[in-house]
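Okay, so here's the structure we're looking at.
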Amino acid sequence: MTDKTRCFLIQHGPEQERREFLPNTLCDFDNRMRHFSSKWYEKIHPNGEKFVRYWLLYSNKKDSLFCFCCLLFSTTKTNNFSEILKGFCDWKKLNPRTPEHKNSNEHQRCHSDWKNLEKNLKEGKTLDSDLQRVINGEMKKWRDILKVIVDAILFCAKNNLALRGSTGVIGEQNSGIFLNLIELISHYYPLVAEHVASVKAKKTTTSYFSPRIQNELIELPGQKVRNEILSNVREAKYYSVLFDCTPDASHKEQMTQKIRYVHITEETCTIEESFVDFIESHEKTGKGLAAEITEKLEKDGLSISDCRGQGYNNGANMSGKYNGVQAHIHSLNEFARFVPCAAHTLNLVGVHAAEVSLLMITFFGKVQAIFNFFSSSTLR
């Protein structure tokens, strides 16, 4: 029995069944029908004084007697009164066994434990209550600290500020905007000041300032925003996709996913173009990239059959007529029209136009040579 259950039963209190007629039981030792009488709940002394045996309980289902306090606190189970599966049902020996149990040391101890715990529960002085108050206080403290940390992260994200610096130790130079912001808040918030002081003094190993925690707290609101965008796209039904790949600082190919759709509300109808996700790409071919794109759209709950447009750069693996991404997507959905990137197209036009003229080639060649001459040495 758990402490929580024990406390609940004590607060509820014992309930004695006091029906006038209780079921008869066939006794094995004399083959006579006997039953428990509710009169046994009370004892009348020779002087006429009446005492209630409030600890005595009768179970109609088991047709047995139990001791309330011994059920809750007894550890020896030396008699039937404290055995929850059996109980006491030898009605012929009820007279000697009931007083014997009441006067036993085990019953006296359990009765004392019952009454002490009952008193403490009423006064709110139990060990569990004190422990719960400490737990609640710690819970509130960490919730308040986490709220400040989340607000600081959201502030940086909202203003497109990088969180981390060259070191991850709060209080050190170049520790980054996030940790500097936390330190600034600590000047005006005693709880945060106490926490920062504990972290600096290494009195606690739990800071919630680590890069891992920052990433997790960024991901949570990010996922909520992502779900909201995808919900709007599903509501609009039809959409266009824009994907582009670029290597990051760790030399991993990152593919950005953007979706263009019509956002419809009760008052307005606007065209939205929303960034959705970064996808770590492991493919270079048009077929492989198309497979990653369709897999991501399926994961987002978007049907490729509802796609009405696709936009990529003019690279052969993206815009190739036969083996590019746009060709593979178009083979899955003929309504997904391909529109190349206008800026990239303009850049290619300029490059090709410059390559046709010998004069332009000579001009840009000299400009490049002059740039290389001056940039290759710090003394020039």
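Quick look at the values:
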{"quantity": "Inter-label distance for LYS258 and LEU121, nm, one decimal - labels placed 7 Å from Cα along Cα-to-Cβ", "calculated": "6.4"}
{"quantity": "Under 15 Å between alpha carbons - lysine pairs in region 203-359 that sit 8 or more apart or on different chains", "calculated": "5"}
{"quantity": "Per-q log10 I(q)/I(0), region 262-380, q = 0.11 Å⁻¹ (Debye; single scatterer per alpha-carbon; no solvent)", "calculated": "-0.60"}
{"quantity": "Most mobile of PRO190, PRO211, PRO14 in a GNM of the chain (Cα contacts under 10 Å)", "calculated": "PRO14"}
{"quantity": "Sequence ranges 255-261, 323-329, ranked by mean other-Cβ count within 10 angstrom, highest first", "calculated": "323-329, 255-261"}
{"quantity": "At q = 0.13, 0.14, 0.25 Å⁻¹, base-10 log of I(q)/I(0) for region 259-325 (Debye sum, equal scatterers on each alpha carbon)", "calculated": "-0.45, -0.52, -1.27"}
{"quantity": "Span-rule helices in the chain, defined as complete DSSP H runs reaching 18 Å or more along the axis (Cα) with Kyte mean at least 0.0", "calculated": "127-158, 342-356, 358-375"}
{"quantity": "Extent along principal axes [Cα atoms of region 192-332; Å; largest to smallest]", "calculated": "63, 45, 21"}
{"quantity": "Quotient of C-alpha Rg and 2.2 N^0.38 Å, computed over region 177-220", "calculated": "1.18"}
{"quantity": "Which of GLY320, LEU346, TYR41, positive extreme of dipole for the chain (C-beta unit charges)", "calculated": "TYR41"}
{"quantity": "Length gained when the stretch LEU332-GLU272 is fully extended (0.36 nm per residue, less Cα-Cα span)", "calculated": "19.1 nm"}
{"quantity": "Whichever lysines have a C-alpha closer than 23 Å to that of LYS86, once near sequence neighbours (fewer than 8 apart) are set aside", "calculated": "LYS39, LYS61, LYS62, LYS77, LYS102"}
{"quantity": "Length gained when the stretch LYS43-LYS321 is fully extended (0.36 nm per residue, less Cα-Cα span)", "calculated": "90.0 nm"}
{"quantity": "Two-site FRET efficiency, LEU220 against GLU17, from Cβ-Cβ distance with R₀ of 51 Å, rounded to 0.05", "calculated": "0.40"}
{"quantity": "Options GLN173, ASN215, SER231, ranked by Cα towards positive dipole end of region 144-299, top entry (Cβ charges)", "calculated": "GLN173"}
{"quantity": "Fraction of the pair-distance distribution of region 95-197 above 16 Å, Cα-Cα pairs, percent", "calculated": "72"}
{"quantity": "FRET E, pair LYS200, ASP248, Förster distance 35 Å, beta-carbon r, rounded to 0.05", "calculated": "0.60"}
{"quantity": "Computed magnitude of the charge dipole of the chain (debye, nearest 20; Cβ of K, R +1, Cβ of D, E -1)", "calculated": "1480"}
{"quantity": "Value of Rg to Rh for the chain (Rh from inverse mean 1/r over Cα pairs, i.e. Kirkwood)", "calculated": "1.31"}
{"quantity": "q = 0.15, 0.17, 0.22 Å⁻¹: log10 I(q)/I(0) that the Debye formula gives for region 127-249, counting C-alpha atoms only", "calculated": "-0.82, -0.95, -1.32"}
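No value in this document is a laboratory result; all are computed from the given coordinates. All figures in this text were calculated on a predicted structure; none of them were measured in a lab. Methodologically, a virtual Cβ is constructed for each residue, glycine included, from the backbone with ideal geometry; neighbour enumeration extends over all protein chains shown.
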